[in-house]
Each structure stands twice: as structure tokens, then as C-alpha cells.
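Quick one: structure below, then a few questions.
The values are calculated or read from the model by the stated rules, or taken from the named source; none is laboratory data. This one's a predicted model, so the numbers in the text were calculated from it and none came from an experiment. Because the Cβ atoms are built from the backbone with ideal geometry, glycine has one as well, and the counts that use them run over all protein chains shown. Accessible surface areas use protein heavy atoms only, side chains included; no ligands, DNA or RNA. Shrake-Rupley method; radii C 1.70, N 1.55, O 1.52, S 1.80 Å.
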Amino acid sequence: MKLRSAIAALAVSSLPAVADPIEFRYGFDVYSDRSTTLDGMNSVSALVEVAPGLSFGPALYSAVLGDAGGLFIGGFELLKRVPLNDRTRLEFGGFIGGGGGAGLIPGDGLMTRAYVGLERQVGRGFAAHLGVSYTDITGSPVSSPALSFGITRQVDFAYSLGPNVDRPNSGRVLRAFKPLVKQFRPQSSLQRSGTPLRTMTLVGAEATFASGPEARNETFIQMSGAVAGDGEGYADFQLGYRWLTRPDGFRAFAEVAGGFGGGGDVDTGGGLIASAGAGIAFPISKSLEVEAGAQVTHALGGDFTAVSPFVRVALRFGNKGDGGPYGDVRRWQQTVSLSYQSPNAGFRKAGDPRTAAPVLIETALDLFFTDRTYGIFSAQTVASGDAGGYAVGLLGLGYAQPIGQSRWTVSGELHLGAAGGGGVDTGGGLVGGGRVELDYRVTDTVSLSAGVGTQRSLRGGGAKPTTFHLGFKAKFNTYH
């Protein structure tokens, strides 16, 4: 019973309950040690209060100062706050995660960060942060104290944990989930090695949010990774804002975004990128649309500018309900696990003497289309195994089959996506594979999960590892 309670508490920590806010936090660390190409990192995190004064959630760090664009570290943040007065709190924080990039982390890629600072409320739902931190990345020369800045905003979302809850009637909605394909067509840009950068093809996904079901503007989070061309190992993460001529139906849109990107031999300087674009949305059915358009993407501190045509397939929410707002209920499942890749003989690139097996931190979201079939979005960053910078992003389909009336469920999944970095030979980045999972339901919401599978480079690379994973899954609902 103690084990079940502990797992349930951990699941609750990463998912919001109805009417509870999610705290979106942006951080900026300026390192005192300037002996490496990394002078500072920024971060985005989504935190939920799991106990009075204690918050937990996923976080993504990336290079922002210096010349290390493409350095990404994904993991989890824990933050403890102690009130000093009505508007000011003392903060103690910690982060653990993994990743790498920009050739800066030849070793494991495990990052730890300790933080202490002050939080000051500066407006309704907003707070500013100032403190000091210390960051260490194993297998790299990065080990430095930093001056840390930050800002947070608390936002109510229409979410709920568990199957038997009251439907909310307010809160921001998840409007759509969009797998995407885009190209970067460089405009007189050079690789870090000085040779001309050629066309790159990327795949990824976007999540789109709005203040309500009928809003004519929306915010979005978009992630993508290279699968062909000159960009093996490149990835980017952007936050953006989009204007729509109408909330649904055939319509035009314009968008702007900013974030961080890099990796491979793409010269994004410190890693900050910005983009602007426009396009048209074509409805296929009530729940399915195709978006086509183009962006211009520019690295603010590097030699990279590209015209980027794109196609996105949008799975729209909010039109399966019972006639009113927030009547469309969608079932989701979040997975947090450690993924072990057992390397084959050609796993590393030619001439790379490293032989260790990578261990990656995996965070995945499953969207159920029926009681048993679901779509998958998975992001993995390396934490050990002498492969700093190795990362995997996957889209897929799965089928879950309960075993009789027991607590056990067996699932099968197929994946397609992008992988690269860390000296792993992914042949340009396009990978595919699958796995079988066995889950044990601890509570109505939380399950333990273990699985075995395979991952294959699909464009001639030699990496064909067998994969193993162990973690937990937590179910939740969204309302649209």
C-alpha cells in the first residue's frame, strides 16, 4: 500500500486537477565561468503544487549565451517555497535531467542544478525571481555558479485527474494536436565548419491552446528534429502566438514564435531563434484539418536564416461534446520512464571508440482515440552512457489490451521520428521501431510499466539498438 500511495503521489505531481493552476516558469542563468562555449542557459518548466509550498514538473534547459546553440537538457524540477510576507517567498530548487549537443558534452550528459532565491509577486498571476544557482553536467567542462533570473505565470487549464470528476466550465483549452513536416531552405547560411548549409527536412509536433473554444487567437508549443539533409542532430523548441481569421472552418492565419534550436553542424550561435509565417487551414472533417504555409526562421546569434515551408495535420478538439463548451472529453496518459538502449555493432559512427549503452529520460503523452487505440508523442534525452547530446523524438500508434479482469494490460506500439547526436549513427536522423509493454494498474489512475522493443535507423545508419524501459503511467482528461 505504501508503494501504491507513493506512485500515486508522484503521478499527481505531474498532472493538474480541475481548477488548479499550472505554473509556467521561464528562467535565465548567466554563468560566472566563461571558460567554455556555454555562457548561459534559459529554461521553461510547467510546475504543479503537490503539497503546500512544494511544486514539481517537467523542465527543458537550453543554451542561450555563448556559442553552444543546440545544447538541450530535459528533466524534472522540484521547488520549495517559504513565505516571508504576503508578496515575497524564499525559494529552494533542484533539477535533474539529461541531454547535450553542440559538441560540448562528449560524456554522459547528466545535469544537476541547485538553486536558492527570492520570488516576488508583480501582478495578478505573475511573479519575478532572482537568485543564485550551481549547474554541473557530467562528461563535460560545464560546472559553474550562476546568477539566475525568472518569471512565472499561473494559468488555469480545463484538466482533471481520474475518470470520475465534475466537468469544468472555465479554463484554457487544448485546441489541437498537430504532427508536422517542414523544411529549412537555408539562405546563404554556413555550417559551423564553414561549408554551405543545404536543405534540411524535419518532423515534429505542435500543441495549440486557446482561452476558450471560440477564441480567434491561440498560443502554441512546437518541437521538431531533423530527419534528412544537413541537419542530423538538429532540434528546436518554440513558443508562439497565432492570429486566425475565424476560429474554425476554412481560414487564413499568421504566426510569430521564438525559442531555441541547434545541434548537428547548424550554426545557431547561442541558440536563440525566432520565426514568423502565415498559412491556410483546410478542414477535412469536424476533427481533422490540414495546414499549409511557410515561415522565415532566423538564429539571433548565429549564421542561420532559412525559408521554411510546412505542412501540419491538425487533430482538433472541442467538437465531440454534448452541445456546450467543455463538453468534449479526451482521455490521455502520461508516461515517465528510463529507457535503456542496448547498442548493436554499428551503433556508433565510424571511428568513434565509445561502447557504453545509453540510458535516456523519457516523457511521453498518449492520446486515446478509442478505449484501446492511442496516438503517441515521446521525447527522450540521454542521462548516461557516454553519449552526451543524443536525443530521440517519436510519434506513433499503440493498442492496449486488458488481460481479463485483472490489473494487467499488454500494449503494442509502432514509432517513427527523429534521433541523433552523441556519436550515434542514425543515418541523417530518421528512425522507426516499436515495442511491447506490460502495465500493472496500481490505482484507477496510475500504472507501473515495463517494456522491450527496437529502434532502427531508416536511411542507412548503423544504429539498431534493442530498447528496454521502466517507469509509470498516469491517466488524465482534458475538456474542450
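Checking the condition free of Cβ contacts under 8 Å to residues at least 40 places away in the same chain and closer than 26 Å to residue 416 by Cα, which residue from 211, 224, 285 passes?
None of the others qualify; the one that does is 285.
Please state which of the following conditions residue 60 fails to meet, knowing it meets all the rest: (1) within 23 Å of the chain's Cα centre (by Cα); (2) not in a strand (DSSP E or B).
Failing condition for residue 60: (2).
Among strands (runs of 3 or more DSSP E) lying entirely in segment 101-182, which contain 3 or more residues that are without any contact (Cβ under 8 Å) to a residue 60 or more places away in the chain?
Strands (runs of 3 or more DSSP E) meeting the threshold: 110-123, 126-137.
Something else now. Mind checking which residues of segment 188-202 are assigned to a loop (DSSP other than H, G, I, E, B), at pLDDT below 90 and either farther than 13 Å from residue 268 by Cβ or open to solvent by 10 Å² or more (accessible area, probe 1.4 Å) (or both)?
Listed by number, the residues that qualify are 188, 192, 193, 194, 195, 197, 198.
Are there any strands (runs of 3 or more DSSP E) wholly within segment 306-410 with 1 or more residues that are acidic (Asp, Glu) and buried (at least 19 other Cβ atoms within 10 Å of the Cβ), and if so which?
Here the list reads 359-368.
Yes/no matrix, rows are residues, columns are (1) open to solvent by less than 60 Å² (accessible area, probe 1.4 Å); (2) in contact with a helix residue (DSSP H, G or I) (Cβ under 6 Å, 6 or more places away or on another chain); (3) modelled with pLDDT under 90:
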{"residue": "119", "(1), (2), (3)": "yes, no, no"}
{"residue": "136", "(1), (2), (3)": "yes, no, no"}
{"residue": "143", "(1), (2), (3)": "yes, no, no"}
{"residue": "167", "(1), (2), (3)": "no, no, yes"}
{"residue": "175", "(1), (2), (3)": "yes, no, yes"}
{"residue": "184", "(1), (2), (3)": "yes, no, no"}
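For residue 239, which of the numbered conditions (1) surrounded by 18 or more Cβ atoms within 10 Å (Cβ to Cβ); (2) closer than 22 Å to residue 381 by Cβ; (3) in contact (Cβ under 8 Å) with a residue 40 or more places away in the chain fails to hold?
(1)
Here's another thing I want to ask about it. Have a look at 74, 109, 98 and point out the one that is on the phi > 0 side of the Ramachandran plot, touching a Gly at 6+ places or on another chain (Cβ under 7 Å) and surrounded by 21 or more Cβ atoms within 10 Å (Cβ to Cβ).
After ruling out the rest, the residue left standing is 109.
List pairs: first residue in segment 451-475 and in contact (Cβ under 8 Å) with a residue 60 or more places away in the chain and under 23 Å from residue 440 (Cα atoms), second residue among the basic types (Lys, Arg) and in a strand (DSSP E or B) anywhere in the structure, Cβ distance under 8 angstrom, at least six positions apart or on different chains.
Filtered contacts from segment 451-475: 467/435; 469/435; 475/331.
Being open to solvent by 80 Å² or more (accessible area, probe 1.4 Å) and basic (Lys, Arg) is the filter; apply it to segment 79-95 and report the residue that is nearest to residue 121 (Cα to Cα).
Looking at residues that are open to solvent by 80 Å² or more (accessible area, probe 1.4 Å) and basic (Lys, Arg), I get 87.
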